[in-house]
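Colleague: Dropping a structure here in structure tokens format, bear with me for questions.
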Amino acid sequence: MHLDFITARRPAHVQRVAALAGGLAAALLAPHAHAARPMITDDARVVDAKACQLESWVNKNADSTEAWALPACNFTGNLELTLGGALTRQSGQTHATDVQAQGKTILKPLEANGWGMGLAVGTVRHAQAGNRDWYAYVPASFSFRDDAVVVHANIGWLREGETRRDRMTWGLGTETRLAGRTWLIAEIFGQGQEQPLYQLGLRYWLVPDRVQIDTTYGNHSNGGERWFSIGLRLLSVPFLP
């Protein structure tokens, strides 16, 4: 998510969590479904044991541009640790706006034509606002047609540092393989009773399960908060001690 799915949203900004997705996993040759970039709804997978990944992307919003970098590593085999942040350019100035840290583990591994479940806990510090959000969520994934279609569902909790309010977070997304290396992404997500947001995009593996590029379009269900993103994801072979 990724990180992937639960990050607080500021006015005129659409931020990725978890994420965003989190999840953001790997094999060597055969294309597998991964709910990492560009999805906000996270998946029930982690980076390979003793391996790392880097998810990076740029969001173009109505009045600002955000550049994100979220490195993550799996040192133990079932604990993906992520630490990264964002730079936001607005009104001609660039600021370090968010720092995100997250841990994610798998409770039930996802298999082809089966289902899996995980747990993620994290925090996001908003440097400019001087506050911090805390979140936790459960990602569940369901595989169909030998991983050609994968559905992801998230349910979670967010503690907003600015308002000191607790919110429920949720997300529902799908990944559909269009061709050997190309995937169609579609999802809807939100917080509590607020009107949801949606996102549509494409993912392409330049090097299968090692180098991925993607692009998305997103908006509020009522319109008025549209954004475009373009991302790059790099996954390593296992190399950690």
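Colleague: Return the equivalent ellipsoid semi-axes of the stretch 44-114 as a descending list in whole Å, where each equals the square root of 5 times an eigenvalue of the C-alpha gyration tensor.
Modeller: 31, 14, 9
Colleague: Can you give the Rg/Rh ratio of the chain, where Rg is from the C-alpha atoms and Rh is the Kirkwood radius? Could you put the intermediate results ahead of the total?
Modeller: Numbers: Rg = 16.2 Å, Rh = 17.1 Å.
Rg/Rh for the chain comes to 0.95.
Colleague: I've got another one for you. Using a probe of 1.4 angstrom, how much of the accessible area of the stretch 160-235 is carbon and sulfur, in percent?
Modeller: 59
Colleague: Moving on. What is the gain in length, in nm to one decimal, between Arg164 and Ala129 on full extension, counting 0.36 nm per residue of separation less the C-alpha to C-alpha distance?
Modeller: Taking Arg164 through Ala129 to full extension adds about 11.3 nm, to one decimal.
Colleague: A further question follows. Compare the peptides 228-240, 95-107 by average per-residue count of other Cβ atoms within 10 angstrom and give them in order, highest first.
Modeller: 95-107, 228-240
Colleague: Taking square-rooted eigenvalues a ≥ b ≥ c of the alpha carbon gyration tensor, is the stretch 60-181 rounded, prolate or oblate, where a/c under 1.5 means rounded and, failing that, a/b exceeding b/c means prolate?
Modeller: prolate
Colleague: How do the peptides 194-203, 134-143 rank, highest first, by the average count of neighbouring beta carbon atoms within 10 Å per residue?
Modeller: By packing density, highest mean first, the sequence is 134-143, 194-203.
Colleague: Hey, another quick one. For the stretch 69-176, build the charge dipole from Cβ charges (+1 Lys, Arg; -1 Asp, Glu) around the Cα centre, then report which of Asn131, Thr169, Ala86 sits farthest towards its positive end.
Modeller: Farthest towards the positive end: Asn131.
Colleague: Please label the shape of the stretch 182-241 as rounded, prolate or oblate, based on the square roots a ≥ b ≥ c of the eigenvalues of the alpha-carbon gyration tensor (a/c under 1.5 means rounded; beyond that, a/b larger than b/c means prolate, else oblate).
Modeller: prolate
Colleague: While we're looking at this one, here's another question. Quick one: accessible area per residue over the chain, 1.4 Å probe, rounded to a whole number of Å²?
Modeller: Per-residue accessible area for the chain comes out at 42 Å².
Colleague: I've got another one for you. Cβ neighbours within 10 Å, averaged per peptide: list 218-225, 154-161, 87-94, 76-83 in order, most packed at the top.
Modeller: Ranking, from highest mean packing down: 154-161, 76-83, 218-225, 87-94.
The values are calculated or read from the model by the stated rules, or taken from the named source; none is laboratory data. It should be emphasised that the depicted structure is a prediction, and the values quoted were computed from it without experimental measurement. Note that we place each Cβ from the backbone using ideal geometry, even for glycine, and neighbour counts take in every protein chain shown. Accessible surface areas use protein heavy atoms only, side chains included; no ligands, DNA or RNA. Shrake-Rupley method; radii C 1.70, N 1.55, O 1.52, S 1.80 Å.
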